[in-house]
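Notes follow the structure.
The values are calculated or read from the model by the stated rules, or taken from the named source; none is laboratory data. Owing to the predicted nature of the structure, the values given are computational and were not obtained by experimental measurement. Neighbour counts are summed over all protein chains in view; Cβ atoms, including those assigned to glycine, are modelled from backbone coordinates with ideal geometry. Calculation scope for accessible area: heavy atoms of the full protein, side chains included, ligands and nucleic acids excluded. Shrake-Rupley method; radii C 1.70, N 1.55, O 1.52, S 1.80 Å.
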Amino acid sequence: MIAKRWVRGLVGGVIAVGALAGCEVPPPPEAAPGPTAPVRAPSASRPARPPQPEPPSQPAQPEAQPCPEGGVRLREAGGDAAMGLRLASLALVNCGTEPYVLDGYPELRVLDRQGAPVEVSAATGTNGVTTSVTGVEAAPRKMTLRPGAEATFSMVWRNTVTDATVPAVEGWEVEVVPRPGAPRVRLRLTRPVDLGNTGRLGYGPWIERDAR
């Protein structure tokens, strides 16, 4: 009798242990792996483009000078110097669209760096500066400049200092009235009219020539 009870207790304990074991929660399943990016096959590398040369820069074009109101402009046209005697030529260019008539001599003034008139006796011909200079002693005549044509006149003076107590004079600008009643035309010089203290300048008539 006691043996049967012991056997039943043993069996019940085994059943209870099995029941408890059956109640345990199984571990959660492992998470499924997420989607992965497709692996691209390595593409063939493109050859590097050689550097493209920059287009050559165009030289800056000089701005065209506007034609003054009177239809003409002045420019320097050369000169010469020997043993203190100076000779310079100025050209009057017809930059307008109409013919331009000249007759005889221009009216001339010499100005300093600040644009003020210098003290000089300017007269036609050699004006006692020298005996004879080609161009200065030419005979005046009437002429008509077509558009683009030009005429010149020459100036002569000496760079001489005869009195150390008198300051030397330099002209750096020339003002010209080409014909009576015409607007004045000015030109800044690259080389001065270095008169010393002689105070004397001669100039010739207009001489026609083609513009170059």
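Please determine, by comparing only the residues of the range 181-201 that are open to solvent by 70 Å² or more (accessible area, probe 1.4 Å) and without any contact (Cβ under 8 Å) to a residue 60 or more places away in the chain, which one is nearest to Val118 (Cα to Cα).
Going through the qualifying residues, I end up with Arg188.
Please work out if Arg86 is open to solvent by less than 60 Å² (accessible area, probe 1.4 Å), part of a strand (DSSP E or B), over 15 Å from Trp206 (Cα atoms) and of a type in the set (D, E, K, R).
It is true that Arg86 is open to solvent by less than 60 Å² (accessible area, probe 1.4 Å), part of a strand (DSSP E or B), over 15 Å from Trp206 (Cα atoms) and of a type in the set (D, E, K, R).
Only residues that are open to solvent by 20 Å² or more (accessible area, probe 1.4 Å) and not hydroxyl-bearing (Ser, Thr, Tyr): list them for the range 140-151, please.
Scanning the range 140-151 gives Pro140, Arg141, Lys142, Arg146, Pro147, Gly148.
Only residues in the range 93-120 that are under 14 Å from Arg146 (Cα atoms) count as the first member; pair them with residues that are basic (Lys, Arg) and part of a loop (DSSP other than H, G, I, E, B), Cβ under 6 angstrom, at least 6 apart or cross-chain, and list the lot.
Within 6 Å, the pairs are Pro99/Arg146; Leu102/Arg179.
Could you go through the range 152-174 and let me know if any residue there is within 22 Å of Pro68 (Cβ to Cβ), open to solvent by 60 Å² or more (accessible area, probe 1.4 Å) and touching a residue at least 40 places away in the same chain (Cβ under 8 Å).
The answer is no; no qualifying residue exists.
Is there a residue being in contact with a Lys or Arg (Cβ under 6 Å, 6 or more places away or on another chain), within 18 Å of Arg75 (Cα to Cα), in a strand (DSSP E or B) and not aromatic (Phe, Trp, Tyr) anywhere in the range 185-201?
Within the range 185-201 (the criterion being in contact with a Lys or Arg (Cβ under 6 Å, 6 or more places away or on another chain), within 18 Å of Arg75 (Cα to Cα), in a strand (DSSP E or B) and not aromatic (Phe, Trp, Tyr)), the answer is no, since none of the residues qualifies.
Given Val101, Val110, which one is hydrophobic (A, V, I, L, M, F, W, C) and under 17 Å from Asn159 (Cβ atoms)?
Val110
Would you check which residues across the range 106-154 are under 24 Å from Asn94 (Cβ atoms), out of contact with any Gly (no Cβ under 9 Å at 6 or more places or on another chain) and of a type in the set (A, V, I, L, M) and list them?
Hits for the range 106-154 are Leu108, Ala139, Met143, Leu145, Ala149, Ala151.
Determine which single condition Glu98 fails, assuming it passes every other condition in (1) open to solvent by 80 Å² or more (accessible area, probe 1.4 Å); (2) at pLDDT below 95; (3) in contact with a Gly (Cβ under 7 Å, 6 or more places away or on another chain).
Checking Glu98 against (1) open to solvent by 80 Å² or more (accessible area, probe 1.4 Å); (2) at pLDDT below 95; (3) in contact with a Gly (Cβ under 7 Å, 6 or more places away or on another chain), the one that fails is (2).
Taking only the range 57-79 into account, find how many residues are open to solvent by less than 100 Å² (accessible area, probe 1.4 Å), at pLDDT 60 or above and not basic (Lys, Arg).
11
Of all residues in the range 101-139, how many are touching a Lys or Arg at 6+ places or on another chain (Cβ under 8 Å), open to solvent by 60 Å² or more (accessible area, probe 1.4 Å) and not in a strand (DSSP E or B)?
Counting residues in the range 101-139 that are touching a Lys or Arg at 6+ places or on another chain (Cβ under 8 Å), open to solvent by 60 Å² or more (accessible area, probe 1.4 Å) and not in a strand (DSSP E or B) gives 1.
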